[in-house]
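Everything below concerns the one structure shown next.
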Amino acid sequence: MRQALSEIGIKSPTEIQEKSIPTLLEGAVDFVAQAPTGTGKTAAFGLPIIENIDPNSKHVQALILTPTRELGLQIAKQIFKFTKYLPNKVFCEAVYGCAHILNQINALKRPTQIVVATPGRLIDLYNKNAIDFSHLQTVVLDEADEMLNMGFKAEIDHIMELIKTDPHVWLFSATLPAEINELIQRHIGKGAVRVHVDKKNLVNKNIEHRYVECQIDDKLNIIVRFLKSRLGDRGVIFCRTKKGAQKLASQLKAKNIKADAIHGDLLQKDRDKVMRAFVNESIDVLVATDVAARGIDVKDLGFVIHHQLPEKEENYTHRSGRTARAGKEGLSLALITASEVNYVHSLGKKLGIMIKAL
């Protein structure tokens, strides 16, 4: 395991990993962690899950629920990397909607100890007797608040009712609103261990945070000038809405900029096509919504642009964290109106960073 971690550049634990892994290695515990996206949660729950798996058993022993296909695939990819050098192989399968269910049914017929799933598709597979919960020991609810925001509360409740093995439940969430606390009270033991990560320890110190004050109508021209000044550089532009992301991508294409959009209204095959083009560097700029960007992990991105500031503070950290990976430097640039200047300074204070005018 240490060899695998070293190979992917993990040399010391993040705060959430340091607070979670020793407890979760014990296995027999319910757990609630409040920690924003981009803080290293996959290793925080993934490494203990792998350590607690019995590789000699072919049954599903751990279930990880996620809000989106992209995040599910990223988690499964990370678990594959963590298990690369294990003498006794541990197998993980990702299942999600907008993909051929028969292929996933066939995949689950192979020995599979860990399943990463979106809630709707998991229920579909259960109803087709394609997955067996009778040996489950651990259930992880990752990005729990995002799953509820996307309307998965009924599905989560239903899944937990289907599981009869009384597994230990580990919940990871950026925020703990009333709905999450209801979920905790319903499905997690009263003696659950709780940890919290201070927001001020989250932001990558290699990211330079800047803002440009402008009129809304000037944002396109500012972005075009910025991109043309950084030829050869690649990055992500975040928009609040699906319609806005698609419109901006079309406007950038019209300016001869190699860009495309990813958002929830795209068919899965079209989302896959855009992501392949971005990973393969056929396009330089990805325009994305916050939800669609969950799970994006592309190396060597030089910048992130906030076409609009996110509605949630923690999403600023998640967005900015797409750049400055593996010890490299990056820029997080927010385009704001005059009415948002005070909010930007307040956001910087809450996150423990300085967001300066460009």
TODO: Evaluate the charge dipole of the chain about its Cα centre and quote only its size in Debye, nearest 20, assuming +1 on the Cβ of each Lys and Arg and -1 on the Cβ of each Asp and Glu.
DONE: 1080 debye
TODO: Express the C-alpha Rg of segment 84-236 as a ratio against the empirical globular expectation 2.2 N^0.38 Å, rounded to two decimals.
DONE: 1.44
- [ ] Rounding to the nearest 20 debye, state how big the charge dipole of segment 2-197 is about its Cα centre with +1 on each Lys and Arg Cβ and -1 on each Asp and Glu Cβ.
- [x] 640 debye
- [ ] Please state, to two decimals, what the Cα-based radius of gyration of segment 166-266 comes to when divided by 2.2 N^0.38 Å (N = residues).
- [x] 1.63
Task: Cα pair distances exceeding 25 angstrom across segment 246-358, given as percent - done: 25 percent
TODO: May I ask for the distance between the Cα centers of segment 98-135 and segment 238-255, given as a whole number of Å?
DONE: 35 Å
Open item on the list: Relative contact order of the chain, please, whole-number percent, based on alpha carbon pairs below 8 angstrom and at least 6 residues apart.
Closed with: 19 percent
Open item on the list: Rounded to the nearest 20 debye, what is the charge dipole size of segment 201-357 about its Cα centre when +1 sits on each Lys and Arg Cβ and -1 on each Asp and Glu Cβ?
Closed with: 200 debye
Task: Helix 219-229 axis, angle to the chain major axis (alpha carbon atoms, nearest 10°) - done: 90 degrees
Task: Charge dipole of segment 110-167 about the Cα centre (unit charges at C-beta), most positive-ward option of 126, 167, 144 - done: 126
Task: Helical mean residue ellipticity (222 nm; -39500 (n - 2.57) per DSSP H run of 4+; nearest 500) of the chain - done: -11500 deg cm²/dmol
TODO: Mind checking which of 251, 298, 330 is farthest towards the positive end of segment 201-357's charge dipole, using Cβ charges of +1 (Lys, Arg) and -1 (Asp, Glu) about the Cα centre?
DONE: 298
- [ ] Report the one residue of 88, 117, 72 whose Cα lies farthest in the direction of the positive end of the charge dipole of segment 55-131 (charges on C-beta: Lys and Arg +1, Asp and Glu -1; origin at the Cα centre).
- [x] 88
TODO: Highest first, please rank the peptides 67-77, 3-13, 211-221 by the mean number of other Cβ atoms sitting within 10 Å of their residues.
DONE: 67-77, 211-221, 3-13
Task: Taking all pairs of distinct alpha-carbon atoms in segment 2-197, Kirkwood radius in angstrom - done: 16.7 Å
- [ ] Please work out the ratio of the alpha-carbon Rg of segment 38-117 to 2.2 N^0.38 Å and round it to two decimals.
- [x] 1.05
Task: Within-12-Å neighbourhood charge of residue 102 [Cβ basis; K, R +1; D, E -1] - done: +1
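No lab work stands behind these numbers, since they all come straight from the coordinates. Since we're looking at a predicted model, the values are computed, not measured. All Cβ positions, even for glycine, are placed from backbone atoms using ideal geometry, and neighbour counts span all protein chains on display.
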